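*Asks:* Quick one: the structure is below, and I'll ask about it shortly.
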Amino acid sequence: MARARKLFIVLVTVFMVAAAFSVLWAAEKNGSLNLDGLREITIDQGYTKDAAKCVECHAKKTPGIVESWKSGRMSHAAVSCIDCHSVKKSSPMAGQCEGIKGSKIFISPMVSPKTCARCHPAEVEQFSKSGHARLAGVPVLEKDKFQKLMYHLEGGVFAGNDKDAPSVSTVRAAGCQSCHGGEVQLGPDNRPINNTWPGGIGERYPDGGIGNCTVCHTRHNFDLKEARKPEACASCHLGPDHPDIEIYLSSKHGQQFLAHGDEWKWDSAPGVWEPGDYTAPTCATCHMSGIGDLNTTHNINERLKWDLVHPRSVVRSGERGNGEKGDKLMRQVCSNCHAKTHTDVQRSNLDNAVDLYNFYFDKATAMKNDLKSKNLLKDDPWSDGFQELNYYLWHHTGRRARQGTAMFGADYTQWHGFFQIFQVYKDMEDIYDYRIKNNKIEELSTVMNSGPE
Amino acid sequence: MFNRAIFIKLFVILIVIGISSLVFYSAVEYTSTPEYCASCHEMQPFYDSWSETSHGMKDKGVVKAVCVDCHLPHTGTLAYMLAKGKSGANDTWAHITGRKTDWIANLEDSEEYTYHTGCRKCHVELVAQGIPLKAYRAHNQYKLGETSMTCVTCHDEAGHGDVADFMSADNIRE
């Protein structure tokens, strides 16, 4: 018996040891590999030979680009032409410039956010979820009514311009696309064709990347300071239909920026750019930058409550953001410099402006629906005075009133805003009454075609 | 109390477990070599393109990572074995039935079948002293969980080089 027991114990032990060894051995084979060769990945702050070549030749061929790049921070971190412009040979955008013909290196003048994501993944992910990415390209690319506007109407096809003439695409390529972005089409040499490149903030690239970071961080110095200044947004957020820069500059905040901005400290690291570096907020401070406990975000939808851009204002939801959360975050921005009583007044002003605007819009829509049901609307809205006014009501004066109130540009709440809303509304009422009374559409449009300013 | 019959039964069970686990281990071992994977001709281009990279034999002729290091999860034995069983069964089925695969289109989903837990077994320290600033930015965001991107999102040429180019060139042996 004792012998059997001893034998058993020995056997079990041998088994345990053998099993442990085999596990260890397997782990050894799978895991701890020979890393000798890896030492060659040198910890080197300098440039590889290939990288240096691009800079050297381009310093002669395109000195403007190289000088601009040299003045940016990325050049000091050894991020150079090749890091952003080289692509795989199998990339749909792969080509070779004069200087590298015949070599194994392939490049493209197109650089999508996918490239930036290799080093700035969080910024790109946040950006991709914002209205600045996919949504921005939708009007230019996916909506029939805007295709008709860009090509048929503005492109003069309706007046007889040849629909295949290159001039038909002028507005798309040099207008809408410059702000919104379009979609790159490629020719046989993998270069862009049909003026589909370059494009604005929501440009869609053949590698699947969507967006254009350079609209705020102008190439090739990709400046953080620049993006924090209101000028970074001003090239797009301006004009009669969304005069955000005009509103800002005429607000108390803009007044301080204009008066003291050149004394502010613009280059603090993200997360520590705080009141003290500046005394009043810029577009970036309210919509993007970290302040107090808030983190920096590249998703400009995060801090918004209302949709102030579409015909009827609603609290944001779905792909356009989360309005309730947005309201809280925006209040948190203000709380760094204003007390609650003050902020409550501003937010309540905005809610009231939205209500007032929606009231006008709903009444106008009721008139429009009534006319439609009585067959008193023209098929072509652009030669129908009532419909044209309806457009200016929401798209021009209505947006100005809403956005003016959101960002404290009193002139836009009043003179460019509700003052004109009530006038446009009255004119619409007159046309409506005329059509109902006479059961016909008036013969000539009474509407000026430039719209109220 | 020590019943002889029970003893013998226990003994036999242990022997069986022992032998089967050894067999099992050597089977797992055997089916974990790149040569085993490449024994199906479908895998040949991946074997060839892998051997030319630095994880293959390019640097100093030393292999640094094999198929199972990257294409199986390394989050625990169970997950590992499950994934191994699943992909093994899938591939065997595809091989037997001659199902065609669009490899180039599949590259879109490379993050799904290349596990960063595998990379992390060797590349433990991602923000070590002396790391170039350009790598530091992304590695740090990855470490802090600020991004859902994984190692292969950026290092997509680490395992097979420009595999799409390789596949479209004359490298495919039937």
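*Asks:* Can you spot a residue in the range A:18-27 that is outside any loop (DSSP other than H, G, I, E, B), more than 9 Å from chain B (Cβ to nearest Cβ) and at pLDDT 90 or above?
*Replies:* no
*Asks:* Go through (1) assigned to a loop (DSSP other than H, G, I, E, B); (2) crowded, with 19+ Cβ neighbours inside 10 Å; (3) of a type in the set (Ser, Thr, Tyr) for residue A:103 and report which single condition fails.
*Replies:* Only one criterion is unmet by residue A:103, namely (2).
*Asks:* Next question. Which residues, counting only those in the range A:315-335, are touching a residue at least 40 places away in the same chain (Cβ under 8 Å) and open to solvent by 60 Å² or more (accessible area, probe 1.4 Å)?
*Replies:* Those that are touching a residue at least 40 places away in the same chain (Cβ under 8 Å) and open to solvent by 60 Å² or more (accessible area, probe 1.4 Å): A:319, A:320, A:332, A:335.
*Asks:* So how many residues does the range A:82-95 have that are more than 24 Å from the chain's Cα centre (by Cα) and open to solvent by 30 Å² or more (accessible area, probe 1.4 Å)?
*Replies:* Summing the residues that are more than 24 Å from the chain's Cα centre (by Cα) and open to solvent by 30 Å² or more (accessible area, probe 1.4 Å) in the range A:82-95 gives 7.
*Asks:* Return yes when residue A:309 is modelled with pLDDT of 95 or more, closer than 21 Å to residue A:401 by Cβ and part of a loop (DSSP other than H, G, I, E, B) and no when it is not.
*Replies:* Here the answer is yes, as residue A:309 does meet what is asked.
*Asks:* Can I ask one more? Within the range A:66-81, count every residue that is open to solvent by less than 10 Å² (accessible area, probe 1.4 Å) and at the interface with chain B (Cβ under 8 Å from one of its Cβ atoms).
*Replies:* Qualifying residue count for the region: 1.
Residues are listed down the side, and each one gets a yes or a no for (1) among the polar types (S, T, N, Q); (2) surrounded by 13 or more Cβ atoms within 10 Å (Cβ to Cβ); (3) touching a strand residue (DSSP E or B) at 6+ places or on another chain (Cβ under 7 Å):
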position: B:41; (1), (2), (3): no, no, no
position: B:57; (1), (2), (3): no, yes, no
position: B:63; (1), (2), (3): no, yes, no
position: B:68; (1), (2), (3): no, yes, no
position: B:74; (1), (2), (3): no, yes, no
position: B:82; (1), (2), (3): no, yes, no
position: B:85; (1), (2), (3): no, no, no
position: B:94; (1), (2), (3): no, yes, no
position: B:97; (1), (2), (3): yes, no, no
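*Asks:* Looking at (1) closer than 25 Å to residue A:394 by Cβ; (2) buried (at least 19 other Cβ atoms within 10 Å of the Cβ); (3) in contact (Cβ under 8 Å) with a residue 40 or more places away in the chain; (4) out of contact with any Asp or Glu (no Cβ under 8 Å at 6 or more places or on another chain), find the lone condition where residue A:303 falls short.
*Replies:* (3)
*Asks:* Moving to a separate point now. What's the total number of residues in the range B:1-52 that are among the β-branched types (Val, Ile, Thr) and closer than 28 Å to residue B:92 by Cβ?
*Replies:* Total satisfying the criteria: 7.
*Asks:* Looking at the range B:117-143, I want the residues that are of a type in the set (A, V, I, L, M, F, W, C) and have a partner that is open to solvent by less than 80 Å² (accessible area, probe 1.4 Å) and not in a loop (DSSP other than H, G, I, E, B) with Cβ atoms under 6 Å, at least 6 apart or on another chain. Which pairs are those?
*Replies:* Going by the 6 Å Cβ cut-off, the qualifying pairs are B:119/B:151; B:126/B:139; B:127/B:139; B:127/B:140; B:138/A:121.
*Asks:* Ok, one more. Starting from residues that are of a type in the set (Asp, Glu), closer than 18 Å to residue A:207 by Cβ and at the interface with chain A (Cβ under 8 Å from one of its Cβ atoms), keep the ones in the range B:145-174 and report whichever is farthest from the chain's Cα centre (by Cα).
*Replies:* B:165
*Asks:* Taking residue B:53 as meeting all but one of (1) within 12 Å of chain A (Cβ to nearest Cβ); (2) under 23 Å from residue B:162 (Cα atoms); (3) in contact with a helix residue (DSSP H, G or I) (Cβ under 7 Å, 6 or more places away or on another chain), write down the number of the exception.
*Replies:* With respect to (1) within 12 Å of chain A (Cβ to nearest Cβ); (2) under 23 Å from residue B:162 (Cα atoms); (3) in contact with a helix residue (DSSP H, G or I) (Cβ under 7 Å, 6 or more places away or on another chain), residue B:53 is out only on (3).
*Asks:* Tell me which of these residue B:20 doesn't satisfy, since it passes every other one: (1) surrounded by 15 or more Cβ atoms within 10 Å (Cβ to Cβ); (2) more than 11 Å from chain A (Cβ to nearest Cβ).
*Replies:* (1)
*Asks:* Within the range B:84-104, is there a residue that is of a type outside the set (S, T, N, Q), touching a residue at least 12 places away in the same chain (Cβ under 8 Å) and not in a helix (DSSP H, G or I)?
*Replies:* no
*Asks:* Given the options A:312, A:347, name the one that is open to solvent by less than 60 Å² (accessible area, probe 1.4 Å) and of a type in the set (Lys, Arg).
*Replies:* Residue meeting the stated conditions: A:347.
*Asks:* Condition first: under 23 Å from residue A:250 (Cβ atoms), in a strand (DSSP E or B) and of a type in the set (A, V, I, L, M). Now tell me which residues in the range A:270-301 satisfy that.
*Replies:* Result: A:291, single match.
*Asks:* With the requirement that a residue be open to solvent by 70 Å² or more (accessible area, probe 1.4 Å) and of a type in the set (S, T, N, Q), what does the range B:23-39 give you?
*Replies:* Matches in the range B:23-39: B:39 only.
*Asks:* Separate question: So which residues in the range B:107-144 are within 12 Å of chain A (Cβ to nearest Cβ), surrounded by 14 or more Cβ atoms within 10 Å (Cβ to Cβ) and among the aliphatic types (A, V, I, L, M)?
*Replies:* B:107, B:131, B:133, B:135, B:138
*Asks:* Condition first: more than 9 Å from chain B (Cβ to nearest Cβ) and over 16 Å from the mean Cα position of the chain (by Cα). Now tell me which residues in the range A:112-128 satisfy that.
*Replies:* A:115
The values are calculated or read from the model by the stated rules, or taken from the named source; none is laboratory data. This one's a predicted model, so the numbers in the text were calculated from it and none came from an experiment. Neighbour counts are summed over all protein chains in view; Cβ atoms, including those assigned to glycine, are modelled from backbone coordinates with ideal geometry. Just so you know, the surface numbers come from the protein's heavy atoms only, side chains and all, with ligands and any DNA or RNA stripped out. Shrake-Rupley method; radii C 1.70, N 1.55, O 1.52, S 1.80 Å.
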